[in-house]
Amino acid sequence: MASYTADVIWERGTQVFTDNRYSRRHVWRFDGGIEVPGSASPHVVPVPYAEPAAVDPEEAFVASLSSCHMLWFLSIAAMHGFRVDRYADAAEGLMGRNETGRPWIEVVTLHPCVAFCGDRVPTRDEVVAMHREAHEECFIAHSVRSEVRCTPVWP
């Protein structure tokens, strides 16, 4: 099986920390070398402790579902011989409370808009069918209720 990794790094710097008035800004580092600024959501932690310009975990969750769906859709469209010019999705995740009262993202709605070109353009029904198939194939969509383990490492 494939293994996927991400390094998440936060440093206190000169902040007191124990007063709970510390920056939630951190860095996500991926295996290809790219670094993405991360933060708590300003919906959860007030600014200036949250950084609105950074990616928060809730947004990343929504984006990963949208990205996975898009990649499968593009593959399926290509297999059917349809030429995609552009794919855009204004995906949205809604926070709610689960059966135990804990906050969770209860629904993610994808709003893909796909532009096709060429001699062979799919019908509306074909596009809907390709989206259905992409959803069935998306690894991330099938992982939403995954087990999450924590095995701390002592420095």
**Q.** Residue, farthest from Gly38 (Cα to Cα), within the stretch 79-102, restricted to residues that are of a type in the set (A, V, I, L, M) and crowded, with 16+ Cβ neighbours inside 10 Å
**A.** Val84
Q. So which residues in the stretch 78-98 are hydrophobic (A, V, I, L, M, F, W, C), in a strand (DSSP E or B) and within 14 Å of Val121 (Cα to Cα), if there are any at all?
A. Val84
**Q.** Test: Ser39 is closer than 25 Å to Ser146 by Cα and not assigned by TED's automatic domain parsing to the domain that holds Glu11
**A.** no
Q: Could you tell me whether Ser23 is outside the structural domain of Thr109 (by TED's automatic domain parsing) and free of Cβ contacts under 8 Å to residues at least 24 places away in the same chain?
A: no
Q. Ala53: touching a strand residue (DSSP E or B) at 6+ places or on another chain (Cβ under 9 Å) and exposed (fewer than 15 other Cβ atoms within 10 Å of the Cβ), yes or no?
A. yes
Q | Options Ala91, Ala78; residue that is farther than 24 Å from Arg24 by Cα, without any contact (Cβ under 8 Å) to a residue 12 or more places away in the chain and touching a strand residue (DSSP E or B) at 6+ places or on another chain (Cβ under 8 Å) | A | Ala78
Q: Tell me which residues, restricted to the stretch 125-151, are farther than 23 Å from Ser67 by Cβ and either of a type in the set (Val, Ile, Thr) or at pLDDT 95 or above (or both).
A: Asp125, Thr151
(Q) It is to be established whether one or more residues within the stretch 110-131 are in a loop (DSSP other than H, G, I, E, B), touching a helix residue (DSSP H, G or I) at 6+ places or on another chain (Cβ under 7 Å) and either without any contact (Cβ under 8 Å) to a residue 40 or more places away in the chain or farther than 15 Å from Ser75 by Cβ (or both). (A) yes
Q. Just one of Ile76, Ile105 is modelled with pLDDT under 95 and surrounded by 14 or more Cβ atoms within 10 Å (Cβ to Cβ); which is it?
A. Ile105
Q: Select from the stretch 53-77 the residues that are within 11 Å of Ser41 (Cβ to Cβ) and in a loop (DSSP other than H, G, I, E, B) and list them in ascending order.
A: Ala54, Asp56
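The values are calculated or read from the model by the stated rules, or taken from the named source; none is laboratory data. Because the structure is a prediction, the values reported are computed rather than measured. Every residue, glycine among them, receives a Cβ derived from its backbone with ideal geometry; neighbour counts consider all protein chains shown.
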